[in-house]
Amino acid sequence: MSDLDLTKNTNFTQNQNAGSSQKLQEQAADAGAEIKQRASDALRASTDVARDKFKEATEAAKDVASDTADQIERQAHEKQRSGADFVERLAGNIRGAARAFESDAPFAARGINSAADYVDDAAEKIRNGSFRDLLGGATDFAKRQPAAFLGISVLAGFAAVRFLKASGGASSSSKEPEKS
């Protein structure tokens, strides 16, 4: 073999190696681009799934909060109705006290009846209104008729004491039998 043949053979091998090296680089670049695209697609799909799950969790939390708020509101309305019923009974008791004063002190009976009317109004406000409305009404009534307000306070105090004595006496008498 001549030197010329050897040079040609070497150049051919180098060209072939350079061609396969370039081909490998292109294949590696294509593989890298494909991996990058697949990773991007997987990330996008994961992001979409995470966003959907987050939306579902948010909606579930809103539903739970709404249900809890509804339940609390129902309980508050029930307590409000119960309180209004108690205040109406108190107004009836105040009217009973007014009847007891009618023959001996008609002026006091009128004042007590006026107080009972206010208590009835308060019961209605408790049933249908807000606590702020009731507090504002009580303040206005106390400013307009301080004597009646004081009378209601005293009667409410007596009623509370009687109620506490009655409930305390019933519980203590049921705990200890009487000795003879």
Output the qualifying pairs, or none if there are none: Cβ atoms under 8 angstrom, residues six or more apart or on different chains, first residue in the range 99-111 and surrounded by 11 or more Cβ atoms within 10 Å (Cβ to Cβ), second residue in a helix (DSSP H, G or I) and at pLDDT 85 or above.
Ala109/Arg99; Ala109/Glu102
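Does the range 91-139 hold any residues that are acidic (Asp, Glu) and over 28 Å from the mean Cα position of the chain (by Cα), and which are they? Spell out how you get there, then give the answer.
Just the residues of the range 91-139 that are acidic (Asp, Glu), to begin with: 102, 104, 117, 120-121, 124, 133.
The answer is Glu102, Asp104, Asp117, Asp120, Asp121.
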Quick one: what pairs do we get from the range 75-96, first residue on the phi < 0 side of the Ramachandran plot, second in a helix (DSSP H, G or I) and open to solvent by 60 Å² or more (accessible area, probe 1.4 Å), C-beta under 6 Å, 6+ apart or different chains?
Ala84/Arg127
Considering each residue of the range 112-132, count those that are within 13 Å of Ala84 (Cβ to Cβ) and not β-branched (Val, Ile, Thr), and give that number.
11
In this structure, is Phe149 at negative phi, open to solvent by 100 Å² or more (accessible area, probe 1.4 Å) and modelled with pLDDT of 70 or more?
no
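The values are calculated or read from the model by the stated rules, or taken from the named source; none is laboratory data. These figures come from a predicted structure and were not determined experimentally. Neighbour counts are summed over all protein chains in view; Cβ atoms, including those assigned to glycine, are modelled from backbone coordinates with ideal geometry. The protein model used for the area step is the full one, side chains on, heavy atoms only, and it has no ligands, DNA or RNA in it. Shrake-Rupley method; radii C 1.70, N 1.55, O 1.52, S 1.80 Å.
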